[in-house]
Amino acid sequence: PFGHGRYEYFSAMIIAAIVFYAGLTSLWESVKKIIEPEMATYTPISLLILTVAIVVKIQLGRYAKRQGFLAESDALEASGADAMFDALLSLSVLVTAFIYIGTGISLEAYVGAIISIFILKAGIDMMRKTLNDLLGERPDPELVRKIRAIIIEEPEVHGAYDLMLNNYGPDRNYASVHIDLPDTMTVEQADRLTRRLHDRIFLATGVRLMGVTVYSYNTNDPEAIEIRKDVYKIMMKHRDHLLQVHGFYVDRKKKEMRFDIVVKFGTNIPEMIELLEKEVKEAYPDYDILIDPDMDISALGINR
């Protein structure tokens, strides 16, 4: 299930390279004809064959793209685009042939050069898309919001954070997430919740929720809740570098405090953690403080 599903993207990359190569060779041949013009010759049979080829390529391209869309196959869609571009090139030859027969003006090389540039651009765009699929890219914000909305709908969930989506091919999307749950929940209750979330998210989005990390938050300790508010105020002084604070929990008996921070890209994480630990320690000198840094992988989490 992991790895081979991305073969779809690899094959699409090969077809994108073929499209790019076709545009490059077409441009090369067109430029050669512009520099060294050749006498064009068109026969009725060649024009008829060209016309039939255009119709067949258009139908083939439309069919492949339609089936690629239905099957969510980038390779099929790329094959359809390749056929359509081939048909476009042939159509340009046919049009310029009729212009040449009617007026004696040969435009084939110039039209071919212009169309070749569009094909080159299309090949590059196709490569860029498949490269993103192969190397990985930030998840679709709409999908992230939809999954988080489902999670937050559960009354026990106080917040959802660090949602990570991994794609291993068409229809092979897996997710992991961190959620805040009351410190009074049992393991059995958390198990029922995570199973319910898995089913709901899969039915709504097709994404399988494979991993759920649970944070606990203080519910029945008013003093711990006040400490959390104070620490949040300290964190908010560093909004230029911090995007979010979550997973906050205080154990007043053991004098321990732990929470996660989400930092902006480019932030010096060790220096930021050292600074925050110092400021929190000044406010609560008796506590051991554990700060775990996270990166902004998808988008900001949602708190209640």
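The condition of being crowded, with 17+ Cβ neighbours inside 10 Å, touching a Ser or Thr at 6+ places or on another chain (Cβ under 7 Å), assigned to a helix (DSSP H, G or I) and aliphatic (A, V, I, L, M) holds for only one of Ala87, Ala12, Ala97, Ala83, that being Ala12.
Filtered by the rule that a residue be touching a strand residue (DSSP E or B) at 6+ places or on another chain (Cβ under 6 Å) and either among the hydrophobic types (A, V, I, L, M, F, W, C) or in a helix (DSSP H, G or I) (or both), the stretch 163-189 gives Leu163, Met164, Leu165, Ala175, Val177, Ile179, Leu181. Within the set Gly104, Gly169, Gly136, Gly112, the sole residue that is of a type outside the set (Ser, Thr, Tyr), touching a Lys or Arg at 6+ places or on another chain (Cβ under 8 Å) and at positive phi turns out to be Gly169.
Need pairs with beta-carbon distance below 7 Å; first residue more than 17 Å from Met126 (Cα to Cα) and within the stretch 50-75, second not small (Gly, Ala, Ser); sequence gap 6+ or separate chains. Correct list of pairs: Leu50/Val93; Leu50/Leu94; Thr51/Leu94; Ile54/Leu91; Ile54/Leu94; Lys57/Asp86; Ile58/Met84; Gln67/Leu76. Screening Ala224 on (1) more than 21 Å from Tyr161 (Cα to Cα); (2) assigned to a strand (DSSP E or B) shows it passes everything except condition (2). Among the residues making up the stretch 246-273, those that are among the aliphatic types (A, V, I, L, M) and more than 25 Å from the chain's Cα centre (by Cα) are Val250, Met257, Ile269, Met272, Ile273.
The residue that is surrounded by the most Cβ atoms within 10 Å (Cβ to Cβ), among those in the stretch 23-54 that are among the polar types (S, T, N, Q) and in contact with a Leu (Cβ under 8 Å, 6 or more places away or on another chain), is Ser26.
Quick note: the coordinates plus some simple rules give every number you see, no bench work behind them. All figures in this text were calculated on a predicted structure; none of them were measured in a lab. Here the Cβ is made from the backbone with ideal geometry for all residues, glycine too, and neighbour counts use every protein chain on show.
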